[in-house]
Every structure is written in C-alpha cells, then in structure tokens.
Amino acid sequence: MSNTPTPLGFTTKKSIDWAWKVNDSAIATDQVALKSALMDLTKPLYVAKKGQQIGLATQVAGNGSTEVLAFAQKLTADDLGDDAFKKQHGVKYAYHGGAMANGIASVELVVALGKAGLICSFGAAGLVPDAVEDAIKRIQAQLPNGPYAVNLIHAPSEEALERGAVERFLKLGVKTVEASAYLGLTEHIVWYRVAGLSKNSDGSVNIGNKVIAKVSRTEVGRRFMEPAPQKLIDKLLAQNKITPEQAELSKLVPMADDITAEADSGGHTDNRPFLTLLPTIIGLRDEIQAKYNFSPALRVGAGGGIGTPDAALAAFNMGAAYIVLGSVNQACVEAGASEYTRELLSKVEMADVTMAPAADMFEMGVKLQVVKRGSMFAMRAKKLYELYITYDSIEDIPSDERLKIEKQIFRSNLDEVWAGTEAFFNERDPEMLARAQSSPKRKMALIFRWYLGLSSRWSNTGEKGREMDYQIWAGPSLGAFNSWVKGTYLEDFTRRGAVDVALHMLKGAAYLQRVTQLKLQGVSLNTELASYRTND
C-alpha cells in the first residue's frame, strides 16, 4: 500500500481464502464511491486491492482477476431483530414506538408508524376511558388490520381507570397492549390476557390478546414471563369474566408475548444501566423458557437509552428481539406535544434530565424522569412531596409555606384548587374522591396531584404563562439523539418525522453492523466511512 492515507486500509496478517474474485474495473476507491457502496445495504461488499489502494466492489465475477480480501453481507433495516416478533405483530421492522402518556404517543404517531410497518403504542395512560375509546376508534379506522398497540398502565391509586381501560380494550377488539409501570400483576391485565385465549383446531393455544410488558426489575419480569397466578384466575372465574376453558389454557401461556427490558428511560424508570439490565432479563427469559417451553417462545426487547444507531446496534447484538424508542419520538412532528415543547426537546442534552415525583404514584414516592432544562417542574414537584411526607393535612402546613406554594406553584388558593380537584375526580374516579373525603392526608395528596397532573397537560397543549411548570418526560437518550443529528436536517424539530427517524435508526444500525464485520477482518475505515449520519 502507498504511504498516502486512503479511505480504506487492510491491516490484518491473517490469510482468508474466500475463493472469490472481482474485476479490477469494478473496485471503487474514491471517498464518494466508497460511501455509496457502504450505504447500499441491499448489496454485499467485497474488499479488494486496486493498484496500491484498497477498495470495494459489490459483486464478484467468475472471470475476475483480483482476489477478495474481506467481505460484508447485505443487511437491510428489516433484517434486524427477531423474525417471530415481526410475524406475530404483523410488522416489517423489529421496532416499537413506546407509549407516552396523555396522548403524547398520539393517534397520528401510531398511524404514521403503523402504515410504514412499525408498531407503536397509543399513550392512553392518564386519559379517561371515553377519550381512550375515541382514540382507538380513530386508529382502527386508519389501521383496520393494524399494526398498533394501546398502553395499559398500572394504576394502584386509580384502579377504576385500569379496569375501565381493559373494558374498552375488550369491547373494541384491541389485540395488543403495552403494559407499563407494573409493580405486580393485577386482575385487570390478567383479564385482558386470558379473555383472548382460545383453542386452535390442532389443540394448540390461540393467543388473541397480545401483551408487550415493560419491566426493569427481575421480580416483575418473572411474573409476566410465567402463566397467570391461579388466585387471580379463580377471581376472574368467580366474576364470570373468563370461561373455564380459558382458565385451563392460561396455564399453557406466559402473561406476555414480549418483555421490554426498560433501562434509563423517560417517565417511570428505575434508571437501570442498559448494559446490565438487558442481559439479566434475557437470562431470566432463558431460565423460564427452558422450564415451560412456551410456543411461541418468549422474546425480550430493549428500551430506554436508545437514541442513536450505535445504541440500537448494541441492543440487537446483545440479543434484543426488537428495540423501543419513546423520548426521541416525543420531539417528532406527529407527537401530541406542543410546538414549544418539541422545540425545547430538540435542544435537550444528555445531562438535562432529572427525577421528580410521579403524579399517578405520588403517595408511594415513585419517581419519573423529566426534562429540567427550561422548567422548574422537578424542583416544585419535589417541594410538594416534601410537604406531603412532613405534614398530615393541608391545614397542618405553616401559613408562610402555604402562601408560598399558592403563589409560586398553584397560583391559586388551595381551597379553590380542592374545588377543582373534586370536580375532576368526580368524573375520573369517584371512589378515590370518596376515600379522600374521610382522609386529610389523602386529600392533600390529591391537591398536590392537581399540579403534577396538569403540568404535563400544560406541556402538551402549550399553556401560555405556564412554561416553567411544564412536565416533560424524557431520558438521556434524547440528548444522545440530538447530538447525533447535530448539523443535519433532523436538527430542525419541524422536520423530524417519526418514520424517518425510525428508519434512520434501523438503517444506521445495519450500516454500522457491516462496518463492524469489515473491521473484524482487518479492514480499517476513516471516520467518515465508519460512521452513519442522517444526511448521508
């Protein structure tokens, strides 16, 4: 080779006899042609020497004169991931658009991804059943044969919402739900799953209602990987919600078809490191699959922390059946977030996120991950939680503290806030309101949840004057994405289409996989050739 730097190099001392040859005239050596060959994922790559330079050809020739030094297979975006995942969900790509509550994962987002062969979950969490039903009908009208999913979130303090959601899912024929934030199984998620079981003509089990469960703890993952608990099956039988045959069939299937190992994500998260969580959940899956021999077999996907093609490829190479993106999609044009919020999200860096109390699990001290850049929500929400654990009622809060939060956080007298809270929960969950009437501590929690609940809606609708109170869920993966697209057309938030982002993520992962294949055979590439950029 010449001492002059070239785009490609070949440094291995190993001799690999591919028995392939290429025509000298078909070998590309200049930077533009090399990049073009690498970007064409539909054709294999053959590394060969042309004069003193190393180049690429995309086909071999029976009468070729130049020996092949290294090889990379054709690998397209739809080759990545588990084929069984794609088949069962009727999709082209092993990609899942994760749910984002309050309709941030909007009808438009679900439909756009669905029409492109990618499954996405509608963000039903936080919405009343009537709003969820309306959204499902709109999705079904545009995706009559799918693919789509609807989020079912664990609501320990608002059981009526979880029950109401399942009732609507069964009524409307929703075939896939994404179960999130579960601390343990409830009769409602079990009802949804088991009510969709039937027997095929060959005696096998037909799983009519599919479940994709997001977990970050092994104890929760185990519950979704095993058959439904008998005590919950008995309870559903007693209520005539399932048939005796379905109860028997439930012993033969796991509670979920797919388990998403949810690492450091936006929203509800345990901030688990991606590199430790995914192999741990896969190992648990292997243990349980070996015990039960489910057919089809349990699958494990990866979500949380995936914001670049490099991260996507890492997930697939670690054994993920599919990848899940949420935070990144929130900044896309189809997301149910205000323009102000989407612009802010497009500027978030990896360190611009923090943990704050969750509205739906406020009393339990559960936290979620939010954007701290351009918002005081996290600090103000933490202040309310400190008051909640310190005092037993609103009346016990010192007057100066009460005046401060009325002025700075609520911007209203707390008595007026309670009146609005009563009206809200009277429509949303009358049972919870009744419990609060006899418990000053619970009443205080509901008043504080008024702020936590509305803050996310203010962000979605772009409430003027409340920008510093916006609750915006996001993980550090969004910062990684923003860094990756800097200087490209996707830096502009008005040009971020969810399908475009998803396909770049997958195509980039496939591109980098082929680069890795070449590197393992001793091929060295310069920085531009070794990386995938969205403007390529």
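At a glance:
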quantity	calculated
Ellipticity estimate at 222 nm from DSSP helix runs (n ≥ 4, -39,500 (n - 2.57)) divided over the chain, nearest 500	-12500 deg cm²/dmol
Paired Rg and Dmax values of region 290-419, which use every Cα atom, in angstrom	20.7, 63
Per residue, in Å², the accessible surface of region 196-295 once ligands and nucleic acids are set aside, probe 1.4 Å	46
Angle between the chain longest axis and helix 159-172 axis [Cα atoms, degrees, rounded to 10]	60
Placed amide H near I119: partners under 5 Å, 5+ positions off or other chain	Y95, G97
Accessible area per residue in Å² at 1.4 Å probe, computed on region 11-141	44
Most to least accessible of D40, D396, D202 (protein chains only, probe 1.4 Å)	D202, D396, D40
Antiparallel bridge percentage (DSSP; both residues within region 124-224; nearest 5)	25
Where N is the number of residues in the chain, Cα Rg divided by 2.2 N^0.38 Å	1.09
Translational diffusion coefficient (Stokes-Einstein; Kirkwood radius from C-alpha pairs) of region 325-368 at 20 °C, 1.002 mPa s, in µm²/s	178
Compactness of region 382-536 as Cα Rg over 2.2 N^0.38 Å, two decimals	1.65
Region 158-266 - Debye-derived log10 I(q)/I(0), Cα point model, q = 0.20, 0.22 Å⁻¹	-1.07, -1.28
0 to 90° range, to nearest 10: angle between helix 498-520 axis and the chain longest Cα axis	40
Where only alpha carbons of region 478-536 are counted, the Rg and the Dmax (Å)	12.9, 41
Using alpha-carbon coordinates, inclination of helix 440-461 to the longest axis of the chain, degrees	40
Intensity falloff of region 20-112 expressed as log10 I(q)/I(0), Debye formula with alpha-carbon point scatterers, at q = 0.19, 0.21, 0.26 Å⁻¹	-0.85, -0.96, -1.23
Rounded accessible area per residue of region 462-536, 1.4 Å, Å²	37
For V353, distant residues with modelled amide H under 5 Å away	K372
Sulfur and carbon atoms: percent of accessible area, the chain [1.4 Å]	50
Cα gyration tensor category, rounded, prolate or oblate, for region 245-288 with a/c compared to 1.5	oblate
Antiparallel bridges, percent of DSSP beta bridges restricted to the chain (to nearest 5)	50
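The values are calculated or read from the model by the stated rules, or taken from the named source; none is laboratory data. Just so we're clear, the structure is a prediction, and the values are computed from it rather than from any experiment. For accessibility, only protein heavy atoms count, side chains too; no ligands or nucleic acids. Shrake-Rupley method; radii C 1.70, N 1.55, O 1.52, S 1.80 Å.
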